[in-house]
Amino acid sequence: MRVGEIAVVGRPNAGKSTLVNALVGEKVAIVSDKPQTTRSRILGVARRPDAEIALVDTPGIHRPQYRMNSAMVREATDALSGADGILFVVDAAEERGAGDAAVAGLCRNAGTPVVLAVNKIDLLKKDRLLPILAALGGDPVYRGFADLVPVSARTGENVDRLFAVLAGRLPEGDAAYPADFLTATPETEWIGEVIREKLLERTRDEIPFAHAVVIESVRPGADPDITVVTATIVVEREGQKGIVVGKGGAMIRSIGQAAREELERELGRRFYLELTVRVQPDWRNDERFLSRLRGGKT
Ligand SMILES: Nc1nc2c(ncn2[C@@H]2O[C@H](COP(=O)(O)OP(=O)(O)OP(=O)(O)O)[C@@H](O)[C@H]2O)c(=O)[nH]1
Ligand SMILES: [Mg+2]
């Protein structure tokens, strides 16, 4: 069988995480309509009878303005060097700009096969797609990548073909993961990610960028069938705290309820979430706090 690791890179919001979930066939990464949703690398193992692809989802590559963002971009560029191949995702509905060109340069320098996925084709009328593909094929910035695959992570169109193309670029070998292994994300981290996703769905402007979720504890409650999670949503300013708490606590309750419902569905047991909001100015530049968010990992 074909076996190997593929780094999934691209600008923020291109649809990398949605595409990784579609290839894996399960949700291993949170998704939102806000850029910079993914903040660290996420492994998702995609399988077909003849191939096992370890997909490494990465934060969108962007110009960093805070230490947090420098670390995010490093997560992505580090993934490029370790992989057997690269899946470079661009948004079909957007013009190619300097951001995509910068990612293209990084991919080219990595020295491994690059598959260019033109994602979100469901947003285009059929007659607009061909000129876009032709333009990419003729553009010196994008020309010469191993394959060009139009795809829709949302509808699933061409996702199987993309899998086959990726597998075709991998070496032959034996499966590297147990058959039921999907992702390496520890449960505690996943709980934090689901809370973030629900917050991202419900907020806008600065809050999607300026929040973090810290899981304080995960333990059995007085009723041992219920897992009690204590978590803090960290924001940078009082005004942001007011918005995340909401009128009479409505916003934080809505975030907590949506997160609880998803966790119960996915993990098959009951949860009780205790969420609080705390203001910590400039946490995005605070190395010690960032290291704590990474679970002490550097
Ligand atoms: N219409 C359409 N929307 C898509 C498609 N793929 C992703 N999206 C949407 O695009 C937005 C961004 O998707 P993500 O998967 O979070 O994008 P990402 O590249 O992982 O973004 P970052 O983690 O911020 O770098 C979400 O609103 C998705 O629902 C697609 O094929 N079609
Ligand atoms: Mg993502």
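Among the residues of region 193-204, the ones that are touching an Asp or Glu at 6+ places or on another chain (Cβ under 9 Å) and open to solvent by less than 60 Å² (accessible area, probe 1.4 Å) come to 4 in all. All told, residue 91 falls short of being under 28 Å from residue 25 (Cα atoms), among the acidic types (Asp, Glu) and away from ligand 2 (no atom under 16 Å from the Cβ).
Residues in region 42-94 that are of a type outside the set (A, V, I, L, M) and either open to solvent by less than 30 Å² (accessible area, probe 1.4 Å) or not assigned by TED's automatic domain parsing to the domain that holds residue 154 (or both): 44, 52, 57, 58, 59, 60, 69, 85, 88, 91. The set of residues in region 21-37 that are more than 8 Å from ligand 1 (Cβ to nearest atom), outside any loop (DSSP other than H, G, I, E, B) and under 19 Å from residue 187 (Cβ atoms) contains only 24. Scan region 64-83 and tell me whether some residue there is at negative phi, within 14 Å of ligand 2 (Cβ to nearest atom), assigned to a strand (DSSP E or B) and under 14 Å from the mean Cα position of the chain (by Cα). Checked region 64-83: no residue is at negative phi, within 14 Å of ligand 2 (Cβ to nearest atom), assigned to a strand (DSSP E or B) and under 14 Å from the mean Cα position of the chain (by Cα).
Can you find a residue that is part of a helix (DSSP H, G or I) and within 18 Å of residue 187 (Cα to Cα) anywhere in region 229-249? No, region 229-249 contains no residue that is part of a helix (DSSP H, G or I) and within 18 Å of residue 187 (Cα to Cα). If you go through region 1-20 and keep only what is near ligand 1 (Cβ under 6 Å from one of its atoms), surrounded by 24 or more Cβ atoms within 10 Å (Cβ to Cβ) and in a helix (DSSP H, G or I), you end up with 16, 17.
Going by the conditions given, is residue 246 touching a Ser or Thr at 6+ places or on another chain (Cβ under 8 Å), small (Gly, Ala, Ser) and either modelled with pLDDT under 95 or open to solvent by less than 80 Å² (accessible area, probe 1.4 Å) (or both)? Against the criterion (touching a Ser or Thr at 6+ places or on another chain (Cβ under 8 Å), small (Gly, Ala, Ser) and either modelled with pLDDT under 95 or open to solvent by less than 80 Å² (accessible area, probe 1.4 Å) (or both)), residue 246 qualifies. Scanning region 173-192 for residues that are open to solvent by less than 40 Å² (accessible area, probe 1.4 Å) and either of a type in the set (D, E, K, R) or part of a loop (DSSP other than H, G, I, E, B) (or both) turns up 173, 185.
Among the residues making up region 88-142, those that are part of a helix (DSSP H, G or I) and small (Gly, Ala, Ser) are 98, 99, 101, 102, 104, 105, 110, 134, 135, 137, 138. Scanning region 104-127 for residues that are farther than 14 Å from residue 152 by Cβ and open to solvent by 40 Å² or more (accessible area, probe 1.4 Å) yields 106, 108, 109, 111, 113, 127. Among the residues making up region 146-172, those that are open to solvent by less than 30 Å² (accessible area, probe 1.4 Å) and not in a strand (DSSP E or B) are 151, 152, 153, 159, 162, 163, 165, 166, 167, 170.
Inside region 249-284, can you point out the residues that are within 22 Å of residue 183 (Cα to Cα) and either touching a strand residue (DSSP E or B) at 6+ places or on another chain (Cβ under 9 Å) or charged (D, E, K, R) (or both)? Across region 249-284, the qualifying residues are 259, 260, 261, 262, 263, 264, 265, 266, 267, 269, 270, 271. Summed over region 52-63, the residues that are among the charged types (D, E, K, R) and either closer than 19 Å to residue 294 by Cβ or within 12 Å of ligand 2 (Cβ to nearest atom) (or both) give a count of 1. Could you say whether any residue in region 272-284 is at positive phi and either in the same structural domain as residue 71 (by TED's automatic domain parsing) or open to solvent by less than 50 Å² (accessible area, probe 1.4 Å) (or both)? Scanning region 272-284 turns up no residue that is at positive phi and either in the same structural domain as residue 71 (by TED's automatic domain parsing) or open to solvent by less than 50 Å² (accessible area, probe 1.4 Å) (or both).
The values are calculated or read from the model by the stated rules, or taken from the named source; none is laboratory data. This one's a predicted model, so the numbers in the text were calculated from it and none came from an experiment. In this analysis, Cβ positions are derived from the backbone assuming ideal geometry, glycine residues included, and neighbour counts consider all displayed protein chains. Keep in mind that these areas ignore ligands, DNA and RNA; they rest on the heavy atoms of the full protein, side chains included. Shrake-Rupley method; radii C 1.70, N 1.55, O 1.52, S 1.80 Å.
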